[in-house]
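Visitor: The structure under discussion is supplied below as structure tokens; questions concerning it will follow.
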Amino acid sequence: MTMHLVDGGRPRFGPELRRFGTFLLGELKPRGRLLTPFNVITSAIVLLGGVLLVIRFAKGLGSITNLSQDVPWGLWIGFDVITGVAFAGGAYVVTFMVYILGQEKYHPIVRVTVLNGFLAYVFYAGALLLDLGRPWNVINPIIGNSFGVSSVLFLVAWHFMLYMMAEFIEFSPAVAEWLGWRRVRRVLKALTLGAVIFGITLSLLHQSGLGALYLMAKGKVHPLWYSEFIPILFVVSSVFAGLSMVIFEGSITHKVFHHRVGQRLRATHDDILRGLARICAGAMFVYLFLQLIVFVHGQRWTYLGTGWGAWYLLEIVGFVGVPAALFLSGFRKGRLPVIRAAAVLTLLGIVLNRLNVSVIGFKWYMAERYVPTWMEIVVTLAVISAEIWVFRWVVNRMPVLSFAEVDRTGEGERRVDIVAA
């Protein structure tokens, strides 16, 4: 920001601040047509979701949910948090490959992947507040009032908070470029590697921590899904869940925001998808092997002849084994439609697995089963819609899919296309 001087050499920030304010107001204006089918539908969902949330906070959880003392965690935890965090796993996997393993070909998707992960944590952590009977108590683990250091939730809360900070630092160079703060960008860029290492550590901890929550629910989670190895299974599945989301969202983003895609990303997009498919296939075969060991070790053969056994096989074979084979076939033959289909099946399988652990298979022996109300579903859709709105706003304004920096050489300044923050 350039400073103007007045008499006596004192800096005058007024003109620059006004210019900066005008810039921000201009950026807040919508771009493109407002009356599109997507905007109309999501606006109605968000508006209705807002009304339902007012009712929820005015009259309590029981006013719009089917939660009870027997089933205190429902759709908002099972899908918004436990499933959503698995979908956000692509951020720590991609940054690990790029910054630690030096896989440069994945550089073009680093920023958009980190942005997706950051928004997922912000919105899904926000959705967590909807499910708390006394949401104001969420501050307790931070300020030291009733720390709860013996609780797994204490670790998960701190992991969530610290990881969101780490991801913001990872993405912050893009914000600095958008605002034209070159010196600030250099400082933030220097912090990236440390934030990545810290973020990867936190990711592994809280991905497993969410699984560890159910170690205390032995006897409540169906034996086909309960195991002492749930934390490990959650970590491994977060790898292919996160990368499948990267493939799914990346394919949509590549088409919807084609005008924002840089040359290098456009040229390497297909090769990136093939590489991610290979990694997904490998992680899924590891997951299947671990599931086999857990199944045999737990002596669960008697359950296969039941309806629960058929449901379990549908998850393992139909939504893990089949997409793993499709990923491998798509990688070898270079068939992108097959890879995208495998990614969709994998995402459905992750939703099924997390809900089987947290909702469907939880207290499976009860006569009355928990079924979410239509209002719970609308609120979940409203959270997803709001996240997409913010993602679209950021991508349309900030250098996420393509950006450039000034490269100072001996011959002067030249603009170069770069692909990583």
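Visitor: Assess whether residue 262 counts as being in contact with a Lys or Arg (Cβ under 8 Å, 6 or more places away or on another chain) and surrounded by 16 or more Cβ atoms within 10 Å (Cβ to Cβ).
Guide: Judged against the criteria, residue 262 is not a match.
Yes/no matrix, rows are residues, columns are (1) at pLDDT 75 or above; (2) charged (D, E, K, R); (3) in a loop (DSSP other than H, G, I, E, B); (4) under 19 Å from residue 397 (Cβ atoms):
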residue	(1), (2), (3), (4)
2	no, no, yes, no
7	no, yes, yes, no
16	no, yes, no, no
30	yes, no, yes, yes
35	yes, no, yes, no
43	yes, no, no, no
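Visitor: When residues of the range 291-326 are filtered for being polar (S, T, N, Q) and touching a residue at least 12 places away in the same chain (Cβ under 8 Å), how many remain?
Guide: Counting residues in the range 291-326 that are polar (S, T, N, Q) and touching a residue at least 12 places away in the same chain (Cβ under 8 Å) gives 1.
Visitor: Please work out if residue 163 is assigned to a helix (DSSP H, G or I) and either over 28 Å from residue 278 (Cα atoms) or small (Gly, Ala, Ser) (or both).
Guide: When the stated conditions are applied, residue 163 does not pass them.
Visitor: What's the number of the condition residue 207 fails, among (1) surrounded by fewer than 21 Cβ atoms within 10 Å (Cβ to Cβ); (2) within 30 Å of residue 370 (Cα to Cα)?
Guide: (1)
Visitor: Could you tell me how many of the residues in the range 289-312 are polar (S, T, N, Q) and part of a loop (DSSP other than H, G, I, E, B)? Talk me through it step by step, then tell me what you get.
Guide: If we filter the range 289-312 for residues that are polar (S, T, N, Q), which is where we start, we get 291, 299, 302, 306.
Now narrow it down to the ones that are part of a loop (DSSP other than H, G, I, E, B): 299, 306.
Residues that pass the stated criteria total 2.
Visitor: Quick check, is residue 234 buried (at least 22 other Cβ atoms within 10 Å of the Cβ), within 30 Å of residue 337 (Cα to Cα) and not β-branched (Val, Ile, Thr)? So that I can check it myself, show each step before the final result.
Guide: Numbers: buried (at least 22 other Cβ atoms within 10 Å of the Cβ): yes; within 30 Å of residue 337 (Cα to Cα): yes; not β-branched (Val, Ile, Thr): yes.
So residue 234 fits the description; yes.
Visitor: The conditions are (1) touching a Gly at 6+ places or on another chain (Cβ under 6 Å); (2) farther than 30 Å from residue 369 by Cα, and residue 186 fails exactly one of them. Which is it?
Guide: (1)
Visitor: Would you check if residue 372 is in a loop (DSSP other than H, G, I, E, B), in contact with a helix residue (DSSP H, G or I) (Cβ under 6 Å, 6 or more places away or on another chain) and crowded, with 18+ Cβ neighbours inside 10 Å? Working first, answer last.
Guide: Working: in a loop (DSSP other than H, G, I, E, B): yes; in contact with a helix residue (DSSP H, G or I) (Cβ under 6 Å, 6 or more places away or on another chain): yes; crowded, with 18+ Cβ neighbours inside 10 Å: yes.
Yes: the conditions hold for residue 372.
Visitor: Something else now. At pLDDT below 90, of a type outside the set (Gly, Ala, Ser) and more than 26 Å from residue 350 (Cα to Cα), is that true of residue 81?
Guide: no
Visitor: Out of 214, 226, I need the residue that is within 30 Å of residue 291 (Cβ to Cβ), modelled with pLDDT of 90 or more and not in a helix (DSSP H, G or I). Which one?
Guide: When all the criteria are applied, what remains is 226.
For every residue, the table says whether it meets (1) crowded, with 20+ Cβ neighbours inside 10 Å; (2) in contact (Cβ under 8 Å) with a residue 40 or more places away in the chain; (3) over 18 Å from residue 171 (Cα atoms); (4) touching a Leu at 6+ places or on another chain (Cβ under 7 Å).
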| position | (1), (2), (3), (4) |
| --- | --- |
| 90 | yes, yes, no, yes |
| 95 | yes, yes, no, no |
| 98 | yes, yes, no, no |
| 110 | yes, yes, no, no |
| 114 | yes, yes, no, no |
| 122 | no, yes, no, no |
| 134 | no, no, yes, no |
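Visitor: To continue, here is another question. Consider the range 297-338. How many of its residues are of a type outside the set (Val, Ile, Thr), closer than 16 Å to residue 226 by Cα and in contact with a helix residue (DSSP H, G or I) (Cβ under 8 Å, 6 or more places away or on another chain)? Reasoning before the result, please.
Guide: First pass over the range 297-338, keeping only residues of a type outside the set (Val, Ile, Thr): 297-301, 303-305, 307-315, 318-319, 321, 323-337.
Now drop any that are not closer than 16 Å to residue 226 by Cα, which leaves 297-301, 303-304, 308-309, 311-313, 315.
Pick out the ones that are also in contact with a helix residue (DSSP H, G or I) (Cβ under 8 Å, 6 or more places away or on another chain) and you get 303-304, 309, 311-313, 315.
So the answer is 7.
Visitor: Another one. If the requirement is being assigned to a helix (DSSP H, G or I), among the aliphatic types (A, V, I, L, M) and within 12 Å of the chain's Cα centre (by Cα), which of these qualifies: 129, 119? Explain how you work it out, then say what you get.
Guide: Working: 129 fails: within 12 Å of the chain's Cα centre (by Cα).
Unique residue meeting the criteria: 119.
Visitor: Under 8 Å between Cβ atoms, at least 6 apart or on separate chains: pull out the pairs that start in the range 327-352 with a residue that is on the phi < 0 side of the Ramachandran plot and buried (at least 24 other Cβ atoms within 10 Å of the Cβ) and end on any residue that is acidic (Asp, Glu) and in a helix (DSSP H, G or I).
Guide: 349/315
Visitor: I've got another one for you. Sort through 340, 392 and tell me the only one that's modelled with pLDDT of 95 or more, basic (Lys, Arg) and assigned to a helix (DSSP H, G or I).
Guide: Testing whether each residue is modelled with pLDDT of 95 or more, basic (Lys, Arg) and assigned to a helix (DSSP H, G or I) leaves just 340.
Visitor: Those residues that are out of contact with any Ser or Thr (no Cβ under 6 Å at 6 or more places or on another chain), among the β-branched types (Val, Ile, Thr) and surrounded by fewer than 18 Cβ atoms within 10 Å (Cβ to Cβ), I need them from the range 42-70; list them, please.
Guide: 51, 54
Visitor: Let me ask something else about it. Does any residue of the range 182-198 turn out to be in contact with an Asp or Glu (Cβ under 7 Å, 6 or more places away or on another chain) and either over 19 Å from residue 119 (Cβ atoms) or not in a helix (DSSP H, G or I) (or both)?
Guide: Yes, the range 182-198 contains a residue that is in contact with an Asp or Glu (Cβ under 7 Å, 6 or more places away or on another chain) and either over 19 Å from residue 119 (Cβ atoms) or not in a helix (DSSP H, G or I) (or both).
The values are calculated or read from the model by the stated rules, or taken from the named source; none is laboratory data. Owing to the predicted nature of the structure, the values given are computational and were not obtained by experimental measurement. Ideal geometry is used to build each Cβ from the backbone, glycine not excepted, and the neighbour counts take in all protein chains shown.
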